[in-house]
Amino acid sequence: MQEDKMERYQRQIILPGIGTSGQQKLKASKVLVVGAGGLGCAVLPYLAAAGIGTIGIIDGDKIEESNLHRQILYSSEQLGLSKAKEAANSIIKTNPGIEILVFEEFLTAKNAAETFSGFDLVIDATDNLFIRYVIDDTCLACNKPFVYGSIHQFQGQVSVFNFEGGPSYRDIFPEENGAAPNCAEAGVLGTTVGLIGMLQASEAMKILLGIGEVLSGKLLIYNLLNNSQQVFEFGNASVPKKPHISVSFEMMSPKEALHGEAVLLDVREPGEIPEVKLDKLIQLPLSLLEEGVEKLNPEDEFWIFCHSGVRSRKAADLLYRRGFRKLKLIRGGAKDLLTEARSEKPGKVSL
């Protein structure tokens with residue numbers, strides 16, 4: 001990303017856990033938004049403004065007057081025009097430096113797999129229950145997470161499904177109940193749509209950046225009438241849910257990690273790039289950590305890293321449950337750690 005383009009994102013870059021490397025991750029990311037209605041109109045401007053490199057919009061609908069109280073990307077002059085195309089025209093003005101892919105068609109079970117193939121994650125911005133199951137089944141088959149949002153009058157829901165082996169939409173809503181009303185039948189307040197859409201955009205960016213706590217296995221319900229917020233936990237229907245110990249682990253910079261005396265623990269899968277070879281480094285993938293934990297000494301101090309930070313936090317949780325107490329997380333992941341190491345010892349660190 002060019003130096004002169006970074007000023008646009010400066011207030012975002014200075015946030016803990018993002019930085020220049022995080023902004024580069026967003027630039028390299030590809031996100032598909034299914035639906036350019038109320039939720040889509042709330043999600044899309046924030047994805048564009050944040051610098052998501054490629055945004056896909058799929059919707060075969062046309063703009064109607066009854067849409068305008070909540071679908072804020074459109075105006076009265078655009079009635080009868082394509083929602084997907086007009087939404088794209090609007091957000092490209094917000095950020096001309098991103099790429100917009102427009103699909104002027106409705107998502108179906110026939111075109112879902114091909115449409116999803118070029119994207120990292122999918123955001124469900126529909127109000128069609130059947131299509132939501134299509135999104136879930138296709139994301140599960142393609143191993144892609146999807147960010148769910150739905151609206152009912154003054155209330156909205158947000159969750160993340162199919163994220164790193166987490167629960168799917170069918171785990172919490174197993175039956176395709178066609179009786180659920182849509183916005184046209186039940187009514188909707190525009191600000192409800194705006195709030196839930198922004199929460200969906202936030203979840204998508206946390207996934208892409210590998211920061212924060214993603215709403216995987218959790219359903220957030222927000223009621224605008226009384227400002228109540230509830231979070232319900234659920235698990236995979238076929239997998240017993242394990243108790244979770246919520247622990248806050250200290251974060252450290254790559255430079256601090258390189259100059260410390262602790263064991264560096266790489267929990268990425270074999271073959272992931274960049275390859276990191278350093279003194280006092282152990283490679284033990286998260287997928288094998290449960291069975292390989294016996295090889296580690298609980299009395300040692302471990303500083304853990306992965307690609308983006310999500311797996312390292314899960315690894316730290318697992319080790320904590322097994323009695324390990326000297327645990328820290330390396331901020332920035334393998335790429336930042338390797339960059340720091342190579343700057344200190346040029347030519348002596350593997351890429």
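The values are calculated or read from the model by the stated rules, or taken from the named source; none is laboratory data. None of the values given here were measured: they were computed from a predicted structure. Positions of Cβ are generated from backbone atoms using ideal geometry, with glycine treated the same way; all protein chains shown enter the neighbour counts. With ligands, DNA and RNA removed, areas are computed over all heavy atoms of the protein, side chains included. Shrake-Rupley method; radii C 1.70, N 1.55, O 1.52, S 1.80 Å.
Return yes or no: is MET1 at pLDDT below 90 and not in a helix (DSSP H, G or I)? Yes: the conditions hold for MET1. Restricting attention to region 274-283, the residues that are open to solvent by 70 Å² or more (accessible area, probe 1.4 Å) and touching a residue at least 24 places away in the same chain (Cβ under 8 Å) total 2.
Within region 89-140, track down each residue that is of a type in the set (S, T, N, Q), in a loop (DSSP other than H, G, I, E, B) and open to solvent by less than 40 Å² (accessible area, probe 1.4 Å).
Result: ASN95, ASN111, THR126.
THR54: among the polar types (S, T, N, Q) and at pLDDT 95 or above, yes or no?
Taking the combined requirement at face value, the residue satisfies it.
Regarding region 319-334, can at least one residue be identified that is over 27 Å from LEU26 (Cα atoms), open to solvent by 40 Å² or more (accessible area, probe 1.4 Å), touching a strand residue (DSSP E or B) at 6+ places or on another chain (Cβ under 9 Å) and part of a loop (DSSP other than H, G, I, E, B)? Scanning region 319-334 turns up at least one residue that is over 27 Å from LEU26 (Cα atoms), open to solvent by 40 Å² or more (accessible area, probe 1.4 Å), touching a strand residue (DSSP E or B) at 6+ places or on another chain (Cβ under 9 Å) and part of a loop (DSSP other than H, G, I, E, B). Confirm whether GLU7 is closer than 27 Å to ALA334 by Cα, open to solvent by 10 Å² or more (accessible area, probe 1.4 Å) and acidic (Asp, Glu). Against the criterion (closer than 27 Å to ALA334 by Cα, open to solvent by 10 Å² or more (accessible area, probe 1.4 Å) and acidic (Asp, Glu)), GLU7 qualifies. For region 289-304, residues that are over 11 Å from LYS326 (Cα atoms) and in contact with a Lys or Arg (Cβ under 8 Å, 6 or more places away or on another chain) total 1. Selection of region 206-247 for residues being aromatic (Phe, Trp, Tyr) and either open to solvent by 80 Å² or more (accessible area, probe 1.4 Å) or modelled with pLDDT of 90 or more (or both) yields TYR222, PHE232.
When we screen VAL310, VAL263 for residues that are modelled with pLDDT of 90 or more and either surrounded by 14 or more Cβ atoms within 10 Å (Cβ to Cβ) or of a type in the set (Ser, Thr, Tyr) (or both), the only hit is VAL263. Among the residues making up region 66-88, those that are closer than 18 Å to VAL193 by Cα, of a type in the set (A, V, I, L, M, F, W, C) and in a helix (DSSP H, G or I) are ALA84, ALA87. Of note, GLU250 satisfies the criterion of being open to solvent by 60 Å² or more (accessible area, probe 1.4 Å), modelled with pLDDT under 90 and within 29 Å of LYS25 (Cα to Cα).
Might you check whether a residue that is within 20 Å of CYS139 (Cα to Cα), assigned to a loop (DSSP other than H, G, I, E, B) and modelled with pLDDT under 95 occurs anywhere in region 20-32? Looking for residues that are within 20 Å of CYS139 (Cα to Cα), assigned to a loop (DSSP other than H, G, I, E, B) and modelled with pLDDT under 95, one finds none in region 20-32, hence no. Mind checking whether some residue in region 35-46 is touching a residue at least 40 places away in the same chain (Cβ under 8 Å), of a type outside the set (A, V, I, L, M), in a helix (DSSP H, G or I) and surrounded by fewer than 16 Cβ atoms within 10 Å (Cβ to Cβ)? No, region 35-46 has no match at all. Within region 141-158, the residues that satisfy the criterion of being assigned to a strand (DSSP E or B) and within 18 Å of ASP171 (Cβ to Cβ) are PHE146, VAL147, TYR148, GLY149, SER150, GLN157, VAL158.
What number goes with the only condition from (1) in a helix (DSSP H, G or I); (2) in contact (Cβ under 8 Å) with a residue 12 or more places away in the chain that GLU269 does not pass? Tallying (1) in a helix (DSSP H, G or I); (2) in contact (Cβ under 8 Å) with a residue 12 or more places away in the chain, GLU269 fails exactly one: (1).
For region 213-225, enumerate the residues that are in contact (Cβ under 8 Å) with a residue 12 or more places away in the chain and closer than 21 Å to GLY19 by Cα.
VAL214
Residues in region 53-65 that are over 23 Å from the mean Cα position of the chain (by Cα) and not in a strand (DSSP E or B): GLY60, ASP61, ILE63, GLU64, GLU65.
The residue of region 286-305 that is most open to solvent (accessible area, probe 1.4 Å), among those that are in a loop (DSSP other than H, G, I, E, B) and closer than 20 Å to MET251 by Cα, is GLU299.
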